[in-house]
Amino acid sequence: MPALPPEGDLTICFAHAAYQLQAEFATRGHAAKSFEVRSLDEFKARAHEADVVVVSGLWRNELLASPKLRFVQSVSAGTDQYDKAAFAAAGVRLASAQGANERAVSEHAMALILGLTRQIHLARDNQTAKIWRPMIGDRARREDELAGKTLVIVGLGRIGLRLATLAAAFGLRVIGVRRSPEPQPGIEAIVRPDQLHEVMAQADIVALTCPLTPETENLIDAAALAAMKPTALLINVARGKVVDEQALIAALSEGRIAGAGLDTFHEEPLSATSPLWAMPHVIVTPHSAGETRAYEGNVVDLLVENLGRLVRGESALRNQVV
């Protein structure tokens, strides 16, 4: 692919429903022109103006037909919404935002673990209802401690590895699951995906931090859930489709696992009719694990670096996907 036009001739489209990406870009003094869109209709109407698009959830693969488009910088670490073969065929480059939210997502996963074990969500419900809960005689119903428990992390990319570091500080025993089982500091054992059910049977907590791929879609199915202890928790900060949602609802409803902290779902926003909303042993967050006040700055750092590489005619991108 030839180099991008000079920076002063570039037009960048920032397409996101909420993030202040154009404002962040303006602080960098870059010579490129830019505009911002907030809706899919506006994005489709103006995408043809852009050489570069910075986007995530508003992306549609049909926009690869835009004649000027040369580069897409994803706002998200996950890239399952992009048709990589179509990008390659169109000669359009693609880079992810991997690493831009690794701290936020790993800390959110840890917060869900702590929230469920310390029953913070139930305390908040009691606060809303102005109920001072008495001491609990039944030990199985009390808050719990993390030290000495086993956390299985499925997916040891940047988020999974950082979660392992946080978990170790709480005294958790950490087991990782990934395709290449090289040892990592602070992780007691790393096993291949074909041993997933075996280690899930040992887990007090299973945390999902893997990307959505054909191999991970419905990875946590009825059989995987059946392997878990009835006292175990499931945490999902990966993608909704990594979990068979109906099988999870059944396992939670029947008490076959103790609870779940869920940030991602099959369909988003989560339907108001979903049973997950009303389950007292479930914490639902609105795909907000990656939210952080630092996010725009982190993404624009990646964008500026990749623009420089492309303008110079370099072939390798930071977080290159295509």
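The values are calculated or read from the model by the stated rules, or taken from the named source; none is laboratory data. Please read these numbers as outputs of a predicted model, since none were measured by experiment. Every residue, glycine among them, receives a Cβ derived from its backbone with ideal geometry; neighbour counts consider all protein chains shown. Note: areas computed on protein heavy atoms with side chains; ligands, DNA, RNA excluded. Shrake-Rupley method; radii C 1.70, N 1.55, O 1.52, S 1.80 Å.
Being crowded, with 21+ Cβ neighbours inside 10 Å, out of contact with any strand residue (DSSP E or B) (no Cβ under 8 Å at 6 or more places or on another chain) and on the phi < 0 side of the Ramachandran plot narrows it down to one of GLU217, GLU296, so name that one.
Of GLU217, GLU296, the one residue that is crowded, with 21+ Cβ neighbours inside 10 Å, out of contact with any strand residue (DSSP E or B) (no Cβ under 8 Å at 6 or more places or on another chain) and on the phi < 0 side of the Ramachandran plot is GLU296.
Any idea which residue in segment 116-141 is modelled with the lowest pLDDT, counting only those that are open to solvent by 70 Å² or more (accessible area, probe 1.4 Å) and aliphatic (A, V, I, L, M)?
Restricting to residues being open to solvent by 70 Å² or more (accessible area, probe 1.4 Å) and aliphatic (A, V, I, L, M), the top hit is ALA140.
Considering only residues that are out of contact with any Lys or Arg (no Cβ under 9 Å at 6 or more places or on another chain) and part of a loop (DSSP other than H, G, I, E, B), which ones fall in segment 147-169?
Listed by number, the list holds a single entry, ALA147.
On the given criteria, is PRO193 modelled with pLDDT under 95 and open to solvent by 20 Å² or more (accessible area, probe 1.4 Å)?
Values: modelled with pLDDT under 95: no; open to solvent by 20 Å² or more (accessible area, probe 1.4 Å): yes.
Answer is no for this residue.
Search segment 299-318 for residues being closer than 16 Å to LEU21 by Cβ and either open to solvent by 20 Å² or more (accessible area, probe 1.4 Å) or free of Cβ contacts under 8 Å to residues at least 24 places away in the same chain (or both), and hand back the single one that is nearest to the chain's Cα centre (by Cα).
ASP301
Please go through segment 220-262 and give me each residue that is open to solvent by 20 Å² or more (accessible area, probe 1.4 Å) and more than 26 Å from ARG141 (Cα to Cα), ordered by number.
Residues satisfying the conditions are ASP221, ALA223, ARG239, LYS241, ASP244.
Could you please tell me which pairs satisfy a Cβ distance under 8 Å, a separation of 6+ or placement on different chains, a first residue in segment 85-107 that is over 19 Å from GLY157 (Cα atoms), and a second residue that is surrounded by fewer than 20 Cβ atoms within 10 Å (Cβ to Cβ) and modelled with pLDDT under 95?
Within 8 Å, the pairs are GLY91/MET1; ARG93/MET1.
Please go through segment 158-183 and give me each residue that is touching a Ser or Thr at 6+ places or on another chain (Cβ under 7 Å) and more than 17 Å from ALA111 (Cβ to Cβ), ordered by number.
Hits for segment 158-183 are ARG173, ILE175.
Considering only segment 142-179, state which residues are crowded, with 16+ Cβ neighbours inside 10 Å, closer than 29 Å to ALA123 by Cβ and small (Gly, Ala, Ser).
GLY160, ALA164, ALA167, ALA168
Say whether the condition of being open to solvent by 70 Å² or more (accessible area, probe 1.4 Å), of a type in the set (D, E, K, R) and in contact with a Ser or Thr (Cβ under 7 Å, 6 or more places away or on another chain) is met by at least one residue in segment 33-55.
Yes, the conditions are met somewhere in segment 33-55.
Give me the residue from segment 8-40 that is assigned to a helix (DSSP H, G or I) and either of a type in the set (A, V, I, L, M) or more than 18 Å from SER74 (Cα to Cα) (or both) and, out of that set, nearest to the chain's Cα centre (by Cα). Don't jump to the end; show me each part of the working.
We begin by selecting, within segment 8-40, every residue assigned to a helix (DSSP H, G or I); these are 8-9, 21-26, 40.
Still in the list and also either of a type in the set (A, V, I, L, M) or more than 18 Å from SER74 (Cα to Cα) (or both): 8-9, 21, 23, 26, 40.
Numbers: GLY8: 34, ASP9: 34, LEU21: 19, ALA23: 24, ALA26: 27, LEU40: 22 Å.
Checked segment 8-40; the qualifying residue nearest to the chain's Cα centre (by Cα) is LEU21.
Name the pairs: first residue in segment 194-219 and within 20 Å of GLU107 (Cα to Cα) and among the basic types (Lys, Arg), second residue modelled with pLDDT of 95 or more and buried (at least 20 other Cβ atoms within 10 Å of the Cβ), Cβ to Cβ under 9 Å, at least 6 apart or on different chains?
So the pair list comes out empty.
Mind listing just one residue for me: the one in segment 60-85 that is crowded, with 20+ Cβ neighbours inside 10 Å, more than 17 Å from GLN22 (Cα to Cα) and not aliphatic (A, V, I, L, M) and, of those, modelled with the lowest pLDDT?
Across segment 60-85, the extreme among qualifying residues is THR79.
Looking at segment 133-143, can you tell me whether even one residue there is within 30 Å of GLN184 (Cα to Cα), in a loop (DSSP other than H, G, I, E, B) and in contact (Cβ under 8 Å) with a residue 24 or more places away in the chain?
There is no residue in segment 133-143 that is within 30 Å of GLN184 (Cα to Cα), in a loop (DSSP other than H, G, I, E, B) and in contact (Cβ under 8 Å) with a residue 24 or more places away in the chain.
Answer yes if at least one residue in segment 202-213 is open to solvent by 60 Å² or more (accessible area, probe 1.4 Å) and acidic (Asp, Glu), and no otherwise.
No, the conditions are met nowhere in segment 202-213.
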